[in-house]
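Some notes on the structure that comes next.
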Number of protein chains: 2
Amino acid sequence: MSKVDIISIAKALNLSKSTVSRAFQEKSDINPNTRNRILAYANEVNYRPNHYASNLREQKSKTIAVVVPELENNYFTQIIKGAEKIAKQEGYHILIYATDDDINKEREFITSISNGKVDGVLMSVVGERDNHSYLHNIDLKKMPIVFFDRVYDDIDITKIVTDDYQSSFDATEHLILGGCKSIAYLVVDKDHSIGKERALGYKDALKKHKIAIQEDLIVDCSNSYDENFKILKELLINHKPDAVFSSVERLAFSTYFVCNDLGLKIPKDLKVVAFSSLQIAELLSPPLSTVTQPAEQIGQKAAKLLLNTLKGEPQDVDAKTIILKSELRIRKSSQF
Amino acid sequence: MSKVDIISIAKALNLSKSTVSRAFQEKSDINPNTRNRILAYANEVNYRPNHYASNLREQKSKTIAVVVPELENNYFTQIIKGAEKIAKQEGYHILIYATDDDINKEREFITSISNGKVDGVLMSVVGERDNHSYLHNIDLKKMPIVFFDRVYDDIDITKIVTDDYQSSFDATEHLILGGCKSIAYLVVDKDHSIGKERALGYKDALKKHKIAIQEDLIVDCSNSYDENFKILKELLINHKPDAVFSSVERLAFSTYFVCNDLGLKIPKDLKVVAFSSLQIAELLSPPLSTVTQPAEQIGQKAAKLLLNTLKGEPQDVDAKTIILKSELRIRKSSQF
């Protein structure tokens, strides 16, 4: 078989070489029917455009990495979806890496890709309290990074976060205004940046309404479902809060399971509000009130900023920290 | 500052070189306190074990790729979790790639990593009906692949699948035995391997019980929430099925939303059963009956087979196709 290339395809289909070439570019103006005809034929003769070869010449991998603490969380998968949408438009691949909340994994991964394997990184970090000085050894001109959600405040990199303090304040105040006086706050790892911000919003709302802060009601949970079930059961039995405000989605689910187990009715016996990006919050029994972060928008924004940097284009923002707003969606679980 | 290495760390901590070395190996027998002490000190002096350098010498990336059609699906994130657990035990990283149901992305990605970027691949494929001959150009000795869930039957590679036909048959029969006579079957892309298997199970259960197959009740949906809402609303209004059996989790959610919209009560007016790995199926209103695939087990099994191959160890199975069983969990949405 003779060599299959753009010239031979152009000849076979009686099209110009430039038309055939354009069919393989993501963002070119070409008649969709013509493109489909070319792609179908290319597929038939098993022709693969020399995408990687040309990237190699440009020293580009055309890949960006998205680094998240965990994958079993709708919030992060929606962020990835948002980033992917933008990346795709520019012909970039997305590689995903989950650090499992382990700074060693984060450091090893970032270091291992910094030799040109990817062109840039979107990252939600895990080592706020750990030594993360490894980043000083990364050439951020060669591999730019954009932080989102959980960030290193001491590293001078563009950051995209949500208004954690304010939305936490608002959710707590919503419960107080409805008459709750004993509001538990659930968190996993209360010392990381977001956990702290959210706790502060919760505490300040209590203070504003002259409700004493009870340390017993600030509950540090774990990543184990069984442990959390035990912790929350104890909380509901021993401290009888009239509301639970959860900074982590899955702790709200555990609260639902514990209520079912104890025969407690939501919202009659206990109001529940949670940070959550669950798209079926409305289908729960009862529908869950949520602080919903603009997950897909975070992913899109982060990817846009990164791609602009990669293209050497000026940013459409001056700020180094971009704050997006979350939305309090009140449903039956916190109705009065 | 003098060079930091295992020798200097051992000296500083008054430990043997071998003890320090073992602290950086995932699977070594070392006192946890000693390990923590070493890791804390290494972190302090910013020492990074020469993991990648040694991998380079061995020509190993110590990375396996997991390729899935989509990420916004509990089933796939649980499979990834299972694979990650096993990989971690052996000191491997996991890279995740979502093909968005696009054979071009699959081909480009697999081709781009086949030059040593990863040591092996776990993949749920997307191009069953497309030309996937690109795989013949991949050196499977150099980069072994294990298929899971959606597989290419014509490629001689170890495959891990679930008993789609049987579990689909059982779920349909459960509805029939409860008295349903007009059972709709929901699918996205009914021509791919799994869609076909599941449709066959559904049809054979109807046949066994002498219920005529109505093509109008076999509904091919899309990946768009809005479109599915419209399609399912039309189905429920025009064809008035007494049950819906969904081969895709999110179509069950759409069915719930449509029922809420139309004022139909589940299970009184409509029974619902769905393939789903949702861990909070029990918290839905009403709790959703599911065919639950052993997702985490699939990920673990696939990773074990791949890692055994990488280590040159004999497989613990002879079969090229391993079939794991799904479980029918009957909840309120299909109670009679």
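The values are calculated or read from the model by the stated rules, or taken from the named source; none is laboratory data. Not measured: the values here are computed from a predicted model. For neighbour counting, all protein chains shown are included, and Cβ atoms are generated from backbone atoms with ideal geometry for every residue, glycine included. Only protein heavy atoms, including side chains, enter the accessible area calculation; ligands, DNA and RNA are left aside. Shrake-Rupley method; radii C 1.70, N 1.55, O 1.52, S 1.80 Å.
Where nothing but the Cβ of Lys and Arg (+1) and of Asp and Glu (-1) is charged, how large is the charge dipole of segment B:6-49 around its Cα centre, in debye to the nearest 20?
Roughly 80 debye, rounded to the nearest 20.
Hey, can you grab everything whose amide H is under 5 Å from the amide H of B:Leu324? Only 5+ residues off in sequence or another chain; H modelled, so Pro and N-termini drop out.
Answer set, sorted by chain and number: B:Val161, B:Thr162, B:Asp163.
I'd like the mean, over residues of B:283-292, of how many other protein chain beta carbons sit within 10 Å of each residue's own Cβ.
3
Within the set of other residues whose C-beta is less than 12 Å from the C-beta of A:Val20, count the net charge using Lys and Arg as +1 and Asp and Glu as -1. The partial results should precede the final answer.
On the way: positive: A:Lys11, A:Lys17, A:Arg22, A:Arg35, A:Arg37; negative: A:Asp5.
Spelling it out: positives minus negatives among the neighbours equals +4.
Please give the average number of partner chain Cβ atoms lying within 10 Å of the Cβ of each residue in B:89-97, rounded to a whole number.
Mean partner shielding for this stretch: 4.
Grab the eigenvalues of the alpha-carbon gyration tensor for segment B:202-318, scale each by 5, take roots, and send me the semi-axes largest first in whole angstrom. Numbers along the way, then the final one.
Values: eigenvalues 251, 64, 37 Å².
For segment B:202-318, the semi-axes come out at 35, 18, 14 Å.
Any idea what the dipole of segment B:181-241 comes to, in debye rounded to 20, about its Cα centre with Lys/Arg Cβ at +1 and Asp/Glu Cβ at -1?
Result for segment B:181-241 is approximately 460 debye, rounded to the nearest 20.
So for A:Arg329, B:Arg35, what's the accessible-area order with a 1.4 Å probe, most first? Don't skip to the answer; put the middle values down first.
Working: A:Arg329 90, B:Arg35 55 Å².
Per-residue accessible area, sorted high to low, gives A:Arg329, B:Arg35.
Can you run the Rg to Rh ratio on segment B:6-49? Use alpha carbon positions and the Kirkwood inverse-distance Rh.
Using only Cα positions, Rg/Rh for segment B:6-49 is 0.90.
Please list A:87-96, B:304-313, B:110-119 highest first by mean number of surrounding beta-carbon atoms within 10 Å per residue.
A:87-96, B:110-119, B:304-313
Roughly how large is the B-A contact in terms of buried accessible area, totalled over both chains, probe 1.4 Å, nearest 100 Å²?
Details: alone 17370 and 17410 Å², together 30670 Å².
Using a 1.4 Å probe on protein heavy atoms, the buried area is about 4100 Å².
Can you work out the accessible area per residue across chain A, with the rest of the protein chains kept in place, probe 1.4 Å, in square angstrom?
Accessible area per residue: 46 Å².
Out of residues 5 or more away from B:Val291 or on other chains, whose amide H comes under 5 Å of its own, with H placed 1.01 Å from N in the peptide plane?
B:Ala274, B:Phe275, B:Ser276, B:Arg329
Once Rh is set to the Kirkwood radius over Cα pairs, what Stokes-Einstein translational diffusion coefficient, in µm²/s, holds for segment B:241-290 at a temperature of 20 °C and a viscosity of 1.002 mPa s?
Rounded to a whole number, D works out at 200 µm²/s.
Is it possible to state the helix-based mean residue ellipticity at 222 nm for the protein assembly as shown, with each DSSP H run of 4+ residues giving -39500 (n - 2.57), the sum divided by total residues, to the nearest 500 deg cm²/dmol? What is it?
-12500 deg cm²/dmol
How large are Rg and Dmax for the protein assembly as shown when only the alpha carbon atoms are used, in Å?
26.6, 83
Shape of segment B:113-239 from its Cα gyration tensor (a ≥ b ≥ c, root eigenvalues): rounded if a/c is under 1.5, otherwise prolate when a/b > b/c, or oblate?
prolate
Work out which residues of segment A:119-135 lose at minimum 50 square angstrom of accessible surface when the other protein chains are put back, relative to the chain isolated, with a 1.4 angstrom probe, and list them by number.
A:Asn131
If you count, for each residue, the other Cβ atoms within 10 Å and average over each peptide, how do B:229-236, A:205-212 line up from highest to lowest?
Highest mean packing first, the order is B:229-236, A:205-212.
Given an 8 Å cut-off on Cα distances and at least 6 residues of separation, report the relative contact order of chain A as a percent.
Working: 555 pairs, mean separation 60.1, N = 336.
Here the relative contact order equals 18 percent.
Let me know the Kirkwood hydrodynamic radius for chain B, please, with Cα pairs as the basis and the value in Å to one decimal.
About 22.5 Å for chain B.
So how do A:142-152, A:176-186 stack up, highest first, on mean other-Cβ count within 10 Å?
The densest-packed peptide leads the list: A:142-152, A:176-186.
Can you give the mean number of other chain Cβ atoms that lie within 10 Å of the Cβ atoms in peptide A:69-81? Provide the component values of the computation, followed by the final result.
Details: counts 0, 2, 9, 6, 1, 3, 0, 2, 8, 2, 0, 4, 5.
That average works out to 3.
Over segment A:205-336, what percent of the accessible surface lies on carbon and sulfur atoms, probe 1.4 Å? Could you put the intermediate results ahead of the total?
Working: 3130 of 6380 Å².
Ligands and nucleic acids excluded, carbon and sulfur give 49 percent.
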